[in-house]
Amino acid sequence: MVSKKNILMPIKVKKLNFEKGQRKLLSDISCEIKARGITIILGPNGAGKTLFLKFLHGLISDSTSEVTFANKTLNTSIRKQQSMVFQSPILLRRSVFKNISFALQQRTKIINKEKILKVLKRVDLLNLVNENAILLSGGEKQRLSLARAIVTLPKVLFLDEATSNLDPYSIQIIEKIIKEVNQQGTKVIAVTHDLLQAKRLANDIIFINKGKMCEFTGAKIFFSKPKSKEGKLFMAGKLIV
C-alpha cells in the first residue's frame, strides 16, 4: 500500500509555454496541483490536454518553463515514482505475466510473482496470465496497461483517455481501481472527454481551451457553476470559438 503522505506533491507549473512550428500549443500555464484527490483535465478536442499531461510526466520539456514535484525539478528518481496509461495500449509482445514482470524488474529489480498475480486479479486478467498480450481484446489490453502501471505503487498516476472506446465492464474496473489507488495515496491526474466519468471521479477540474488554462477549480463548482466563459459554454454543450 502506498503511504498516505505523497512525497512528490505538490506539482507546481510555472509559465508553461510550448510552440510547434508557428503554432502556440500551450500558453503561459501556471498552477499548483495538490496531493489530495483526483484531478481531471477537461477541454474541447485539440485544446492541449494530452500535451499538458505529457509535460507533467516529463515526456516533453521546454527550457523556458518549469515543472517541479515537491519543489524538486523532474529527474530520473521522480520519474521512477510515476506511471502513465495512454489512450492506446502499448504492450510487449510477450505474455500477460511477463508484461507485468518487465515493469517490476525495470523499477525495483525484483520480480515478485505474488504481487503480479494479485494485481492481475484486481483487473480480472488472472485467467489470462499466460496469454500473449497482443491477442487480448481492447478492454483487456487497457486493463493490463493499468495493472502494469500500478504494480510499482506509483506516487503519481497519469491517465490519458484511458477508458476511451472501452466496454462498460472494463470502464467499471478501471474507475474502481483509480478510486482505490487514490485513496491509498497515489495522486491521479487524468484526461477524459467523458463528462459523466469526470463527474464520477473528479475532486477538481483543470479546464483547458486553445492551450490556455481557463479554469482550475473544485469539481462541484465547475459542474454546477463554472467561472470561465469557456467553461460555461462547454458545460452547456455549446461550441467554443
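The values are calculated or read from the model by the stated rules, or taken from the named source; none is laboratory data. Everything numeric here is computed off the predicted structure, so don't read it as measured data. Positions of Cβ are generated from backbone atoms using ideal geometry, with glycine treated the same way; all protein chains shown enter the neighbour counts.
All of Ala190, Ala147, Ala202 fail the test of being of a type in the set (Gly, Ala, Ser), surrounded by 21 or more Cβ atoms within 10 Å (Cβ to Cβ) and within 28 Å of Ile110 (Cα to Cα), apart from Ala147. Out of Phe97, Phe69, Phe86, Phe52, one residue alone is of a type in the set (Phe, Trp, Tyr), in contact with a Ser or Thr (Cβ under 9 Å, 6 or more places away or on another chain) and either at pLDDT 95 or above or exposed (fewer than 14 other Cβ atoms within 10 Å of the Cβ) (or both). It is Phe86.
Selection over segment 179-202 of residues that are within 14 Å of the chain's Cα centre (by Cα), at pLDDT 95 or above and not hydrophobic (A, V, I, L, M, F, W, C) gives a count of 6. Is it true that some residue in segment 7-17 is crowded, with 16+ Cβ neighbours inside 10 Å, of a type in the set (A, V, I, L, M, F, W, C), modelled with pLDDT under 95 and within 18 Å of Glu215 (Cβ to Cβ)? Yes. Among the residues of segment 200-235, those that are assigned to a loop (DSSP other than H, G, I, E, B) and either farther than 21 Å from Gly48 by Cβ or among the acidic types (Asp, Glu) (or both) comprise Asn203, Lys225. Among the residues here, Asn127 qualifies as loosely packed, with under 14 Cβ neighbours inside 10 Å and at pLDDT 95 or above. Within segment 21-47, being farther than 22 Å from Glu230 by Cβ and more than 16 Å from the chain's Cα centre (by Cα) holds for Gly21, Gln22. The residue of segment 159-200 that is nearest to Ser145 (Cα to Cα), among those that are in contact with a Gly (Cβ under 8 Å, 6 or more places away or on another chain) and among the hydroxyl-bearing types (Ser, Thr, Tyr), is Ser170.
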